[in-house]
1. Normalised by the empirical 2.2 N^0.38 Å for globular proteins, what value does the Cα Rg of segment 75-178 take?
2. Please work out the FRET efficiency for the pair Arg32 and Lys149, using the Cβ-Cβ distance as r and a Förster radius of 45 Å; give the result to the nearest 0.05.
3. Grab the Cα-Cα distance for Ala121 and Thr108, subtract it from 0.36 nm times how many residues apart they are, and report the gain in nm with one decimal.
4. When the helices in the chain are scored as -39500 (n - 2.57) per DSSP H run of 4 or longer and the sum is shared across all residues, what 222 nm value do you end up with, to the nearest 500 deg cm²/dmol?
5. In nm, what is the difference between 0.36 nm times the number of residues separating His170 and Glu212 and their Cα-Cα distance?
6. Determine the equivalent ellipsoid of segment 20-91 by diagonalising the alpha-carbon gyration tensor, then write out the semi-axes as square roots of 5 times the eigenvalues, largest first, rounded to whole Å.
7. Could you give the length gained on full extension between Asp87 and Gln199, defined as 0.36 nm per residue of separation minus the Cα-Cα distance, in nm?
8. Report the FRET efficiency, 1/(1 + (r/R0)^6), for Asp55 and Ser10, where r is their Cβ-Cβ distance and R0 is 35 Å, rounded to 0.05.
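No lab work stands behind these numbers, since they all come straight from the coordinates. Note that the structure is a prediction, hence the values are computed from the model and not measured. Cβ placement follows ideal geometry from the backbone for every residue including glycine, while neighbour counts extend to all protein chains displayed.
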Amino acid sequence: MRGVRALQGSLEARLQRPLEIETDHGHNIIMRMGMGMGFGEPPADAVLLPRDMIDALVFAGRLAPRVVDIGEVATSAVVCAGAAAPDVSTMDALREALVRASCVLLTTAPSGKHMGHAIEALGVAQEVAPKIQRFDRSSQINDWLAREKNMGALGFGPATEIVGVEGVTHAGFIAREAQMVLPYAAAITDYVAHDPAAQQFLDFLKTDEAREAFAETGVRF
């Protein structure tokens, strides 16, 4: 999550050690963590993921039992900087925005697949399908919008991948009925469970400073 990068300086000062932060799709992290298949030491000391993925890793023995809830990440719309942000806050408004868009940008990740189902539920799949472009990551949607400056393009992804990103405008959270809201959490591995710094890391994620940093990237509490 981008909020952790914003907190890196504070975390390193508190823990008195450098931190290496890496981002990836949740399902890729799950695979890299081994899911309890005897793959030896995990590739990270701590992970931040949707709560169900964290729980699966804890159950598989790849993470220590202590879990810290962070907040919720909801699906948002995104347009290029300078474009008029359409209303997507109701089902009718979302339907109209999709129909009016010159192209619709979705990921191949779960959030993108969910939006595909939402488009079908809205009854505009036939109209929207020819306009859909797929990207592996939400960050690639942002990059495309910032580069192409297509004023009619409409993208969708987790709010935390959109809010505060240069070159794009957060167009708002999509309608509640079409939402995919994921509660996020953090946990550490057994390899570092007895390291005071690892426990301090989890404690820090509950502070007001951390919550403010997460909120600035679109996390909801």
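1. Taking N as the residue count of segment 75-178, the ratio is 0.92.
2. E(calc), rounded to 0.05, equals 0.80.
3. Residue separation times 0.36 nm, minus the Cα-Cα distance, leaves 2.8 nm.
4. Helices in the chain give a 222 nm mean residue ellipticity of -10500 deg cm²/dmol.
5. Difference between extended and current length: 13.3 nm.
6. 33, 14, 11
7. That pair, Asp87 and Gln199, stretches by 36.1 nm at full extension.
8. 0.80
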